[in-house]
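To keep things clear, I will list the structure first and then write my remarks on it.
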Amino acid sequence: LADLWWIYSKPVPADGRELWTLFLQCSCITAVIGGLFYNWMFASLEYSWHLSVAMAVSFSLLLLLTLLLVHPARCVFSMVMPTLGTKQGRKLLFSTCVMIAVVNITPNIVSNIKTILQVIKCICRNSSDSLLNSTALLEKVSWEFGDAIQETVHSIYKPMNGHFRFSLLQNSSLIYQKMHLAGEKISREFLSVEVLVKDSIRVANRLAAGFFVLYLCFESTWYLKNYLTNLHFDNFYITKRLERLAMERRAAHLLVGSSKNLIRPTGLKLSWEEVVLCLVQAMLVTVALLLLLVVVAMDHFAFSVADTAVTKAAQFSAVPVTLNIKYKVSAGVPCPALCGDPAWCPFREVELLLGDFNRTYHHHLIFSSARCSISPPTPPNPSVLLAVGLLSCILYATVFLEALARRLCRRVAASFFPGREEQRALHLYSKLSRGLGKE
């Protein structure tokens, strides 16, 4: 492995064997990266498969030529992988989390909202149907009541026709049609909003993902440029070259006395600045993940409401309605009209019963029916939650591994440019020597 890395990091291959080895290394790297690039474009960014294949093949060929012919490009590309552990890599991972949440969670929320609207539509239709049927009962009651009024004993007291007519039943189809049109309009609006949200976030995520990938390359290029041009940049490590230089000049005490300011690149010790940066980045990651958890919580809340609505709607019982009509007609008749001689009548007037109507009618108001087509609520997808949780753990891991990622970038740059690393070690040694001389 050391020999392979030496051939890969050399500016120019020494012979044909090293050239073929470098070509095979670059070919394997571009094949793996091309496959990942295709999967990223097709599965994550949701491009068409033919566009993803064309872009992956073109990118792989361009990357192969660049790695094979340009030595600094190989260094920059090698530093892109450690750079994924920095804040730019976290932005790319968070972009992936957002895309997973939008593509999988948003349709689930919209589906559960549609289920709730279907329950409301079913209740409205059945209750209106039941109310319309109650008008038929009222019409039946009115006709029976009118017939009872007409059947009085004496025709002289017979009132006018007491029948009523209800024309509300003739408009039932119009009501159903209006309800159907309202439901279709709401469904179209929800569908258009869902498509608009998904398309907008998909385009925004594609732009953000492309920007983050380009910025990853820019970050690696910026690090290499500062490493080659600025001797002070990221130069506070006790490297093997610095230790060898101190041993050759018999100044090993410089490294011991400056142990508080210098750290070893292979160790786990973090400087105070690195600790503060990790805490700040951890807070930012927590805030971003809380916003993502709001979307996940909305998914669970929508499912809970939809499931409760479907369950309660199925448990609605019919509401009994009782209509009791009591009707009694009587007339006061003078006593002489009945017995002829007032002396024989004990009262001056008697009450004559002309009609008696006492009936009870029963009806039921129905709010739900098995004929309603209600789609079952869609529970949250556990695989989506698992993917988001795994990416969240990786995000937190990169916060505390960012310092180690930067150290790995420095080691990669040092292996590609050993002469510059020697100059940096000499500059740090001179700086430590001047500091000890001032003390």
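Kindly provide the set of residues from the range 15-39 that are more than 21 Å from VAL412 (Cβ to Cβ) and without any contact (Cβ under 8 Å) to a residue 24 or more places away in the chain, ordered by number.
Of everything in the range 15-39, those that are more than 21 Å from VAL412 (Cβ to Cβ) and without any contact (Cβ under 8 Å) to a residue 24 or more places away in the chain turn out to be ASP15, GLY16, ARG17, LEU19, TRP20, GLY35, PHE37, TYR38, ASN39.
For the structure I just gave you, tell me whether VAL119 is modelled with pLDDT of 80 or more, in contact with a Lys or Arg (Cβ under 9 Å, 6 or more places away or on another chain) and assigned by the TED database to the domain that holds SER375.
Details: modelled with pLDDT of 80 or more: yes; in contact with a Lys or Arg (Cβ under 9 Å, 6 or more places away or on another chain): yes; assigned by the TED database to the domain that holds SER375: yes.
The answer is yes for VAL119.
Can you tell me which of (1) at pLDDT below 85; (2) among the acidic types (Asp, Glu); (3) surrounded by 15 or more Cβ atoms within 10 Å (Cβ to Cβ) is the one ASP15 doesn't meet?
Checking ASP15 against (1) at pLDDT below 85; (2) among the acidic types (Asp, Glu); (3) surrounded by 15 or more Cβ atoms within 10 Å (Cβ to Cβ), the one that fails is (3).
Please indicate, with yes or no, whether at least one residue in the range 380-394 is small (Gly, Ala, Ser), touching a residue at least 24 places away in the same chain (Cβ under 8 Å) and under 25 Å from LEU290 (Cα atoms). Give the derivation first.
Within the range 380-394, the first condition is being small (Gly, Ala, Ser), and the residues that meet it are 383, 387, 389, 392.
So of that shortlist, the ones also touching a residue at least 24 places away in the same chain (Cβ under 8 Å) come out as 387, 392.
This time we only want the ones that are under 25 Å from LEU290 (Cα atoms), so: 387, 392.
The answer is yes; a qualifying residue exists.
So TYR47 clears everything in (1) farther than 29 Å from VAL399 by Cβ; (2) open to solvent by 40 Å² or more (accessible area, probe 1.4 Å); (3) within 28 Å of the chain's Cα centre (by Cα); (4) at pLDDT 85 or above except one condition, right? Which one?
(4)
The values are calculated or read from the model by the stated rules, or taken from the named source; none is laboratory data. Predicted model, so just to flag it, every value in this text is computed and none were measured. Counting neighbours? That spans all protein chains shown, and the Cβs are built from the backbone with ideal geometry, glycine included. Surface areas here come from the heavy atoms of the whole protein model, side chains and all, with no ligands, DNA or RNA. Shrake-Rupley method; radii C 1.70, N 1.55, O 1.52, S 1.80 Å.
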